[in-house]
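Every number in this text was worked out from the coordinates using simple rules, so none of it is lab data. All values reported here derive from a predicted model rather than from experimental measurement. Ideal geometry is used to build each Cβ from the backbone, glycine not excepted, and the neighbour counts take in all protein chains shown.
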Amino acid sequence: TIPFPMYVTLFDISIGEGKYFPDYYVILPDYLVDVTAVASGYQSNAFSLLPFFIRRVLPSETTYYMLLGNVINQSLDKLIVDPQVKIETLFRQIFEYFPLEILRLDDQKVRELLTTVKSHVQTLRRVLSIDFQKLGLDPAKCELEPSFLSAEYGLQGRLDILHRDQETTIIELKSGKP
């Protein structure tokens, strides 16, 4: 239940005819919602909280694609620290970091996982060596997985990469093809 009276934070307020008109507002700013939950509501130029609420009530378990995402994210972290890390080292670390998840896969799915990871690692190497340079980003100035908390906006979460230099750049991994 939502307690009354409740706190509401108003932003970018304009005043007209003795009334306040906020551009946006946050209800219960002390209740933190994970930013991933908010982002899940954006689907094809529309917004709906239905996916968020459905995920809250359904049981969940680690899927192949969740494991793949975690493995690729872990590989990115390793590549930022050591751009020359060998694929064999990454594969060994995958088995060290995710042993139970991998044990749930049959042999064919494990081979598929490693093949897919190898392809993503090649892409990540290109992004870190070529695309970062084109964008003026230095991997040495990257913070990995920094947490953030905003009571003002009622959000919490982690970023994949935060690059700080003259400007701050947020980098999030997303799967799929451009």
For this session: Assuming 0.692 mPa s and 37 °C, estimate D for the range 31-178 with Stokes-Einstein, Rh taken as the Kirkwood radius over Cα pairs, in µm²/s.
Result: 189 µm²/s
Exercise. Restricting to the chain, what percent of DSSP beta bridges are antiparallel, rounded to 5?
Worked result: 90 percent
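Quick one: net charge of LEU90's neighbours, Cβ under 13 Å, K/R +1, D/E -1?
Values: positive: LYS78, LYS86, ARG92, LYS118, ARG125; negative: ASP77, ASP82, GLU88, GLU96.
Result for the neighbourhood of LEU90: +1.
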Seminar exercise, completed: Proximal lysine pairs in the chain, meaning Cα under 24 Å and 8 or more positions apart or interchain, come to 20
Seminar exercise, completed: Treating only Lys and Arg (+1) and Asp and Glu (-1) as charged, each at its beta carbon, one finds that the range 53-126 has a dipole about its Cα centre, in Debye to the nearest 20, of 240 debye
Seminar exercise, completed: Treating every alpha carbon of the range 114-178 as one equal point scatterer without solvent, the Debye formula yields log10 I(q)/I(0) values at q = 0.15 Å⁻¹ of -0.59
Problem set entry | Whole-number percent relative contact order across the range 40-178, with pairs defined as alpha carbons under 8 Å at least 6 apart | 16 percent
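Please compute the net charge surrounding ILE13, taking Lys and Arg as +1 and Asp and Glu as -1 over other residues with Cβ under 11 Å from its Cβ. Kindly include the intermediate steps, with their values, before the conclusion.
Numbers: positive: LYS19; negative: ASP12, ASP23.
Summing Lys and Arg as +1 and Asp and Glu as -1 gives -1.
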Problem set entry | Two-decimal Rg to Rh for the range 73-149 - Kirkwood Rh, Cα set | 1.03
